[in-house]
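Enquirer: Let me begin by handing over the structure; questions about it come next.
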Amino acid sequence: MATTLAPPPRHVSPTPTARRRIRRAFRRRPGKFTYLVLTAIAFFSFFPLYWSVVVASQDNSALGKMPPPVLLGGNLWFNLKRAFTMVPFEKALINSFLVAGSITLSVVLFSTLAGFAFAKLRFRGRNILLLSIIATMMVPTTLGIIPLYMLMAKIQWTGTIYAVIVPAMVNGFGVFFMTQYLSEAVPTELLEAGRVDGCSTIRLFWHVVLPAARPAAAVLGMLTFLTAWNDFFWPLVVLTPEDPTVQVVLSTLSAGRITDYSLALTGALIAILPLLVVFVVLGKQIIGGIMQGAVKG
């Protein structure tokens with residue numbers, strides 16, 4: 001007995017009443033509970049930064065009062081002057097900007113190039129090389145401190161910021177991150193069309209891959225800048241006290257028999273401001289990359 005397949009269901013367009021209900025559902029404003037939850041999240045996210053400003057604007061004796069101060073004091077500018085006088089904070093800021101900026105540009109560029117090669121180019125040993133790069137992420141950073149310092153001493157780079165920049169110019173996480181992103185973000189057909197039009201590999205990378213990789217590059221750039229800016233151990237080992245980075249200077253401010261918390265948090269506030277600026281500058285690209293990844297599939 002022959003079996004017949006049921007006809008595929010026809011697409012039924014919604015009625016005008018259903019369309020109006022859908023429009024009303026999308027236009028419905030969030031309720032009071034939603035605003036309450038968002039306000040609470042914003043408060044708990046902003047409060048540590050506000051508390052740092054409050055402590056930085058007080059003297060050290062005000063922090064022992066009960067209840068603790070919650071309003072701004074009048075010592076902020078005085079503490080800022082002390083921070084720049086007691087330690088070479090200006091030199092540390094310049095060094096940290098040079099180190100973090102150079103590392104960020106290098107990691108984004110080289111990781112995008114390597115990600116494009118691993119994701120879209122076919123060559124012998126591609127999978128083995130990619131696995132070798134991923135394997136480097138499993139090696140603890142502290143394990144290579146001694147041989148790295150010996151290498152920097154042999155080429156006479158100890159005490160210079162080159163010893164901080166060059167070893168971090170590319171990393172396995174950046175290569176793996178861009179490889180995964182570009183394998184989905186750049187269609188192979190688009191690259192083949194560009195080759196038919198006569199584009200070389202470099203032109204394909206510059207005109208096709210880089211625009212598509214912009215959201216992921218912004219995310220990688222922010223993470224790399226944050227990591228390089230907050231790096232403490234390796235700059236402490238390889239740099240001199242007269243030529244430090246921001247994190248080394250902060251450890252100096254918080255050192256001593258009695259910690260001056262107002263001075264220490266003043267320095268921390270100065271160190272946080274560049275990170276906020278980076279997030280504001282790259283925030284649109286970061287959110288765009290997150291939303292693009294959320295709607296894929």
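None of the figures in this text is laboratory data; all of them are computed from the coordinates on show. Every value quoted in this text rests on a predicted model; they were computed, and no experiment measured them. Methodologically, a virtual Cβ is constructed for each residue, glycine included, from the backbone with ideal geometry; neighbour enumeration extends over all protein chains shown.
Enquirer: Is region 36-126 best put as rounded, prolate or oblate by its Cα gyration tensor, with a ≥ b ≥ c the root eigenvalues, rounded for a/c under 1.5, and otherwise prolate when a/b is larger than b/c, oblate when not?
Expert: oblate
Enquirer: A follow-up question, please. What trypsin sites (Lys or Arg not before Pro) does region 177-284 have in DSSP loop regions with at most 12 other beta carbons within 10 Å?
Expert: The qualifying sites are Arg257.
Enquirer: Ser45 to Trp77: FRET efficiency via 1/(1 + (r/R0)^6), r the Cβ-Cβ distance, R0 22 Å, to the nearest 0.05? Mind dumping the intermediate values first?
Expert: Numbers: r = 27 Å, r/R0 = 1.21.
The computed FRET efficiency comes out at 0.25.
Enquirer: Cβ under 10 Å from Asp260's Cβ, Asp260 left aside: what net charge do those residues give with Lys, Arg +1 and Asp, Glu -1?
Expert: It works out to a net charge of 0.
Enquirer: Provide, for q = 0.09, 0.10, 0.11, 0.14 Å⁻¹, the log10 of I(q)/I(0) from a solvent-free Debye sum over equal Cα point scatterers in region 88-294.
Expert: These q points yield log10 I(q)/I(0) values of -0.44, -0.53, -0.63, -0.93.
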